[in-house]
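This report concerns only the one structure given below.
What follows is calculated from the coordinates using simple rules that are stated; it is not laboratory data. No experiment lies behind these values; they were computed from the predicted model shown. Reconstructed Cβ throughout: ideal geometry from the backbone, glycine too, with neighbour counts over all protein chains shown.
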Amino acid sequence: MTRAQLVLSAAAIAVLAAAGGYGLAQLDRPSPQTAAPAASSERKVLYWYDPMVPAQHFDKPGKSPFMDMQMIPRYADEGPAGGGGVRIDPAAVQNLGVRLASVQRGDFAQGLAAVGVLDFNQRDVAVIQARAAGFVQRVYARAPGDVVAAGAPIADLLIPSWGGAQAEYLAVRRSGDAALEAAARQRLMLLGMPAGLIDQVARTGRTRNVITVTTPVGGAIQTLDVRQGMTVGMGQTLAQVAGLSTVWLNAAVPEVQGGQVRVGQPVRAELAAFPGESFNGRVTAILPTTQADSRTLTVRVELANSGGRLKPGMFATVHLGGPARTALFVPSEAVIRTGKRALVMVAAEGGRYQPVEVQPGRDDAGRTEILAGLSEGQKIVASGQFLIDSEASLAGVQARPLAAGASASTAGAAPALYETRGRIEALSAGSITLSHEPVPAIGWPAMTMTFKLGSPSLAEGLKVGDRIAFGFEQRPGGPVVRRVSPAGSAR
């Protein structure tokens with residue numbers, strides 16, 4: 001064959017090989033009719049999301065607008081976010097050290113804590129004054145702040161006017177006329193002489209116009225306004241002494257919790273100066289004014305001061321106790337407080353965990369009262385809940401809102417009974433309008449509102465203007481009065 005024929009033959013062979021390869025590729029490629037069923041068998045994508053911002057959903061894949069990373073899909077067979085919580089492998093749960101607890105119902109103390117400052121008992125203050133005009137001959141070594149015993153000398157006063165009156169009294173006494181002696185003695189007492197000084201003059205028969213002024217009570221000298229050589233007038237204050245046998249503890253109670261405090265209520269105080277020791281007392285007064293800058297009430301507690309260990313000016317933590325009432329509670333460590341709301345991780349079946357929003361109440365001895373959001377007997381996470389909450393956030397699981405939690409609570413357990421006091425403004429067979437005090441347990445301030453009556457019999461014997469104590473429940477249709485106590489008799 002010639003050279004030209006060989007080149008043409010090679011080119012023909014190359015064309016035939018290319019055509020054959022293309023034909024084989026077309027045979028292996030599925031037709032459009034067969035490709036559709038294959039695509040339909042793939043997992044269904046609900047949405048795409050950024051793991052760092054799981055709450056934001058997108059309808060197509062791509063780069064996250066929040067982070068420099070690709071978004072990941074949420075598949076239908078994984079379950080909707082927030083529907084059944086987040087599932088965690090039991091082995092991982094054991095490694096996380098997760099500990100469960102139950103929502104319980106029991107007695108919960110209605111106590112509150114406040115800060116207080118010790119002060120002198122202003123009912124135990126002695127004011128020492130000059131009984132007559134005279135001169136200060138001697139001042140004993142005293143200074144403000146000194147602690148003195150009862151009968152301690154303060155100063156020696158020379159009172160010239162007493163000398164002549166005492167001489168007349170002695171002359172009358174020597175006359176033997178009892179009536180005149182009694183009149184002369186009465187005159188000395190009107191001049192300000194103490195009975196002990198008059199007896200001393202009568203016994204010794206000598207006049208005495210220098211008197212030692214003493215303190216009638218023991219305590220701390222608050223003021224000392226006398227100096228040697230000065231002239232004093234009748235009724236002039238020489239010193240002021242505050243007793244230390246008892247002290248006042250002035251506690252600052254928040255205004256919203258003022259309705260929980262009563263005169264006579266037991267109080268336990270703890271001072272940093274005496275760690276591990278408690279001082280017991282009772283509320284003696286609730287001052288009638290509120291501090292405008294701090295919105296607190298001043299509650300006065302009287303404490304015994306055996307040995308004078310309690311010093312005015314010391315700070316104290318005040319625990320005001322109250323009657324216990326039945327309430328739902330969980331371990332305080334189980335509550336996750338975010339600043340805007342409070343969450344609890346509820347353990348469901350199948351190893352799933354659901355964040356639930358709750359309304360916490362008071363804290364007492366490591367327990368937290370739950371006003372809404374949970375029901376008795378539910379299992380919650382008491383330890384390791386922060387790690388589970390982080391996993392739920394990454395998975396896009398939304399917390400069950402409080403409204404839904406409150407419905408579950410009322411369905412599973414009896415609603416809480418809230419106690420307060422008020423004045424009847426209007427009254428009918430099915431409702432009562434009251435101007436009531438604050439209800440701290442649910443954050444209500446003092447206001448006037450209408451309540452439904454749980455029973456028409458509760459209104460029997462009541463009239464507009466009566467002051468009553470009452471208990472009510474929070475219901476979806478509004479608060480319902482369940483208990484009324486007019487004139488101290490509960491119904």
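Sequentially through region 157-169, phi angles give Karplus couplings (6.51, -1.76, 1.60; θ = phi - 60°) of 10, 9, 10, x, 5, 6, x, x, 5, 5, 5, 4, 4 Hz, Gly and Pro residues having no value and appearing as x. DSSP bridge analysis restricted to region 417-486 gives an antiparallel fraction near 95%, rounded to the nearest 5.
Qualifying trypsin sites (Lys or Arg not before Pro) in region 196-295, where qualification requires a DSSP coil assignment and no more than 14 other C-beta atoms within 10 Å, comprise R206, R227, R262, R295.
The simple spin-label model puts a point 7 Å past each Cα toward its Cβ; for R282 and A365 those points are separated by 2.4 nm.
For region 226-309, the set of GluC sites (Glu not before Pro) satisfying both a DSSP loop assignment and a count of at most 11 other C-beta atoms within 10 Å is given as E277. Here the calculated FRET efficiency for R174 and R123, from their Cβ-Cβ distance with R0 = 56 Å, stands at 0.75, rounded to the nearest 0.05. Cβ under 10 Å from E277's Cβ, E277 left aside: what net charge do those residues give with Lys, Arg +1 and Asp, Glu -1? Computed value for this residue: 0. Placing a pseudo-label 7 Å from each Cα along the Cα-to-Cβ vector at A149 and A167 gives an inter-label distance of 3.9 nm.
For region 423-440, the Karplus equation 6.51 cos²θ - 1.76 cosθ + 1.60, evaluated at θ = phi - 60°, returns couplings of 10, 6, 9, 8, 8, 9, 5, x, 8, 9, 9, 10, 9, 10, 6, x, 10, x Hz by residue, with Gly and Pro reported as x. Here the label points at I72 and R309, each 7 Å from Cα along the C-beta direction, are separated by 6.1 nm in the simple model. Taking the dipole about the Cα centre of region 127-239, with the C-beta of Lys and Arg at +1 and of Asp and Glu at -1, give me whichever of G151, M189, G164 is farthest to the positive side. Positive-end residue among those listed: G164.
So how strong a dipole does region 246-322 carry about its Cα centre when Lys and Arg Cβ are +1 and Asp and Glu Cβ are -1, to the nearest 20 debye? Dipole size: approximately 140 debye.
If Lys and Arg each add +1 and Asp and Glu each add -1, what is the summed charge of the other residues whose beta carbon sits under 15 Å from the beta carbon of R227?
0
In this structure, R262 and A183 have a Cβ-Cβ separation that, at R0 = 56 Å, corresponds to a calculated FRET efficiency of about 0.50.
Run through region 119-180 and list the trypsin sites (Lys or Arg not before Pro) located in a DSSP loop whose Cβ has at most 15 other Cβ atoms within 10 Å.
R123
Cross-link partners of K44 among lysines, defined as those whose alpha carbon lies under 27 angstrom from its own and excluding same-chain residues fewer than eight positions apart: K60, K63. Note on T246 and T338: the extension gain reaches 28.7 nm, defined as 0.36 nm multiplied by sequence separation minus the Cα-Cα distance. Net charge in the neighbourhood of V147 (other residues with Cβ under 13 Å of its Cβ; Lys, Arg +1, Asp, Glu -1) is +2.
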